[in-house]
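Chemist: Handing you this structure, nothing more for now.
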Amino acid sequence: MHKVIFDTDPGVDDAMALLFLHRHAEIDLIGITSVFGNASIETTTRNALFLKKAWGIAAPVAKGSGETFDTSRPHIDWPTGIHGHDGLGNIDVPDEIGLPLDPRPAHRFIIDIIRANPGEVTLVAVGRMTNLARAVSDDPEIATLVKGVVIMGGAFDVPGNITPAAEANIHGDPEAADIVMRAPWPVTVVGLDVTSRTVMTRAVLAEIAERGGEAARLLADISRFYIAFYEQHVVDGMVVHDSCACAYVVAPELFKTRSGAIRVLCGGIADGQTIQKPDGRIFPPNAWDGQPSQKACIDIDAEAVLKLIGDTL
Ligand code: BDR
Ligand code: CA
């Protein structure tokens, strides 16, 4: 059984990932932490509570960061054209959900839960890395107590999706992402190299809605707006970025990884770019030296991952 804290900015593909974690038999979802990104922190936190209530999820929700680790960074607008003005595909989520939040801020919640379950917790982070960076900066020892960190973010051998260099989750808080990559905990990055090739068609989503009960029907409603965006701009269906990171937790054999130190560019025209120095490559002294070796996903059995997601939902 994998004990998972899900750090998320719901977010349409975040919603699918949350339902995957809730429904997968080998996952024990023990906490949900919100972060800004696809919408403001008020909206993503409200959405996390909304989904918790709608889907009967037991895990507590802790509210996280509403701004970047380096607070002097200029604000980036919310991607309302992708996730809708309410972050969940314009289904008009109610303002008040009527469920309490965990009293702790997300980074404190993460620290407490890792310390209470040494060696057992996997952090799955699919938004800005701000909460994780704050947690490991406040309590560096958690890096040795966590089982693993799996993040959706970054682009190594493919272009970004928010600039030619950067993927949205990393670009939204590069300083935080660089802290997360450099901490001595085992990070696996599930980035655009693999997620952009993992596309769920409308037909598959319709089948999930038909066979997956009321929860899956809500997911299909939420997803309509996001699919329309992707079909118009990129691919024929829904790119399931965040679910790929969750699938990695239970089925890492469906991914091929490359090991090496990862750094994130902070500033300049390639702000938010992720660059890995593959293990074994020799260079003159450089900024990657002395950093822990982390894994970047560079290939995926997309068909098998989509089947895993579909079967679980
Ligand atoms: C990431 O950005 C967000 O829009 C998605 O939820 C995903 O986590 C993809 O770049
Ligand atoms: Ca996300």
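We did not get these values from a lab; they are worked out from the coordinates using the rules stated. Computed from a predicted structure; not experimentally measured. Positions of Cβ are backbone-derived with ideal geometry, glycine not excepted, and every protein chain shown enters the neighbour counts.
Chemist: What value, in deg cm²/dmol to 500, does the helix sum -39500 (n - 2.57) over DSSP H runs of n ≥ 4 give at 222 nm once divided by the residues of the chain? Can you show the working numbers first?
Modeler: Values: 13 runs with 124 residues, N = 313.
Result for the chain, helices only: -11500 deg cm²/dmol.
Chemist: What's the Cα-based Rg to Rh of region 50-168, Rh via Kirkwood? List each step's numbers first, then the result.
Modeler: Values: Rg = 16.4 Å, Rh = 16.6 Å.
Result for region 50-168 is an Rg/Rh of 0.98.
Chemist: Something else: When the dipole is taken about the Cα centre of the chain, and only Lys, Arg (+1) and Asp, Glu (-1) are charged at their Cβ, what size is it in debye, to the nearest 20?
Modeler: In total the dipole reaches around 460 debye.
Chemist: Another question about this same structure. Given H placed on each backbone N at 1.01 Å, which residues far from Val239 in sequence or on other chains put an amide H within less than 5 Å of it?
Modeler: Amide H neighbours of Val239, under 5 Å, 5+ apart: Met200.
Chemist: Quick one: which residues, 5+ away or cross-chain, put their amide H under 5 Å from the amide H of Leu88? H built at 1.01 Å from N.
Modeler: Gly11
Chemist: Arranged from highest to lowest average of other beta-carbon atoms within 10 Å per residue, in what order do the peptides 181-188, 211-218 appear?
Modeler: Working: 181-188: 21.0, 211-218: 15.4.
Per-residue mean Cβ counts within 10 Å order the peptides as 181-188, 211-218.
Chemist: Per q in 0.18 Å⁻¹, report the Debye log10 I(q)/I(0) for region 1-88, using one uniform scatterer on each alpha carbon and no solvent.
Modeler: Per q value, in the given order, log10 I(q)/I(0) is -0.74.
Chemist: Set the Förster distance to 30 Å, then compute FRET efficiency between Ile91 and Asp311 from the Cβ-Cβ distance, nearest 0.05. Let's see the in-between values first.
Modeler: On the way: r = 25 Å, r/R0 = 0.84.
Efficiency for this residue pair is about 0.75.
Chemist: Looking at the chain from every direction and averaging, what is the projected area of its Cα convex hull in nm²? Don't skip to the end; give the middle numbers.
Modeler: Working: hull surface 59.3 nm².
For the chain, averaging the hull's shadow over all directions gives 14.8 nm².
Chemist: Listed here are the pairs Lys3/Lys52; Lys3/Lys63; Lys53/Lys256; which of them are more than 26 Å apart at the Cα? Please list the in-between numbers first.
Modeler: On the way: Lys3/Lys52 17 Å; Lys3/Lys63 19 Å; Lys53/Lys256 36 Å.
Flagged as over cut-off: Lys53/Lys256.
Chemist: What does the highest-first list of 140-153, 167-180, 30-43, 84-97 look like by mean Cβ count within 10 Å?
Modeler: Values: 140-153: 21.1, 167-180: 26.8, 30-43: 24.6, 84-97: 17.9.
By packing density, highest mean first, the sequence is 167-180, 30-43, 140-153, 84-97.
Chemist: Still on this structure, please answer the following. Using only the alpha carbons, work out the radius of gyration and Dmax of region 123-225 in angstrom.
Modeler: Calculated on Cα positions, Rg and Dmax stand at 16.6, 46 Å.
Chemist: Where in region 233-250 does the label zone of Arg202 land, with the point 7 angstrom along Cα→C-beta and an amide N cut-off under 15 Å?
Modeler: 233-239
Chemist: How large are Rg and Dmax for region 244-313 when only the alpha carbon atoms are used, in Å?
Modeler: In order Rg, Dmax, the Cα atoms of region 244-313 give 15.6, 48 Å.
Chemist: Considering amide H positions built from the backbone, and no H for Pro or chain starts, which residues 5 or more places from Thr257, or on another chain, come under 5 Å of its amide H?
Modeler: Close amide H contacts, sequence-distant or interchain: Ile298.
Chemist: Rounded, prolate or oblate for region 160-204? Axes are the square roots of the Cα gyration tensor eigenvalues, ordered a ≥ b ≥ c, and the cut-off for rounded is a/c under 1.5.
Modeler: Numbers: a/c = 3.20, a/b = 1.72, b/c = 1.86.
Taking the square roots of the gyration eigenvalues as a ≥ b ≥ c, region 160-204 is oblate.
Chemist: Could you derive backbone 3J(HN,Hα) for region 123-130 from the dihedral phi with the Karplus parameters 6.51, -1.76 and 1.60 (θ = phi - 60°), listing whole Hz in sequence and x where the residue is Gly or Pro?
Modeler: 8, 10, 10, 10, x, 4, 8, 4
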